[in-house]
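In what follows, a structure is listed as structure tokens, so that the remarks can point back to it.
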Amino acid sequence: MANKNIKRGIYSDFKKIDLGSKELIFVAGQIARDKNGAIAPDNIEIQAEFVFQSIEKILKEANSSLNDVVKAVIYLTNIEDFSKVSKIRNKYFEKAKPVSTLVEISATSRPGCDIEIEVTAVRDK
């Protein structure tokens, strides 16, 4: 799975559920952190791009894509960043148009990471 070196506990980046002719794919919340630490702690746009690219890689590993995303939940540590993140979100979800929730939180699990995104996808087998 992606980002194996930075896990805090036992979890999967994604989990597939067999629905017969389709698969339901849950992607764990992703933050802007690589093996060297937080990505651009003062730049929400760079963090958002990094997170969406991580989700894109995880979905590819699950034989899926961003076009299969049906739900997205975005957590921000500063609601003032909504419009900046929304532009990036719209670029990545131009075709999928998933239902979405965006909420402000006090912090993510890693200092310097100001956004966390989790998604759910459904794909044909």
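The values are calculated or read from the model by the stated rules, or taken from the named source; none is laboratory data. This structure is a prediction, so every number in the text was calculated from the model and none was measured. So basically every Cβ, Gly included, is an ideal-geometry build from the backbone, and we count neighbours across all protein chains shown.
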Taking the stretch 99-112 only, how many residues are modelled with pLDDT of 95 or more, surrounded by 11 or more Cβ atoms within 10 Å (Cβ to Cβ) and in contact with a helix residue (DSSP H, G or I) (Cβ under 9 Å, 6 or more places away or on another chain)?
3
Pick from the stretch 50-94 the residues that are among the acidic types (Asp, Glu) and either under 13 Å from residue 31 (Cβ atoms) or over 11 Å from the mean Cα position of the chain (by Cα) (or both): which of them is modelled with the lowest pLDDT?
94
Within the stretch 23-38, take every residue that is assigned to a loop (DSSP other than H, G, I, E, B) and touching a residue at least 24 places away in the same chain (Cβ under 8 Å) and give me the one that is surrounded by the fewest Cβ atoms within 10 Å (Cβ to Cβ).
35
Just one of 92, 75 is touching a Leu at 6+ places or on another chain (Cβ under 9 Å), crowded, with 18+ Cβ neighbours inside 10 Å and farther than 24 Å from residue 124 by Cβ; which is it?
75
Looking at the stretch 42-125, what strands (runs of 3 or more DSSP E) fall wholly within it and have at least 1 residues that are touching a Lys or Arg at 6+ places or on another chain (Cβ under 6 Å)?
99-104, 115-124
Would you be able to say whether some residue in the stretch 34-54 is in contact with a Cys (Cβ under 7 Å, 6 or more places away or on another chain) and hydrophobic (A, V, I, L, M, F, W, C)?
yes
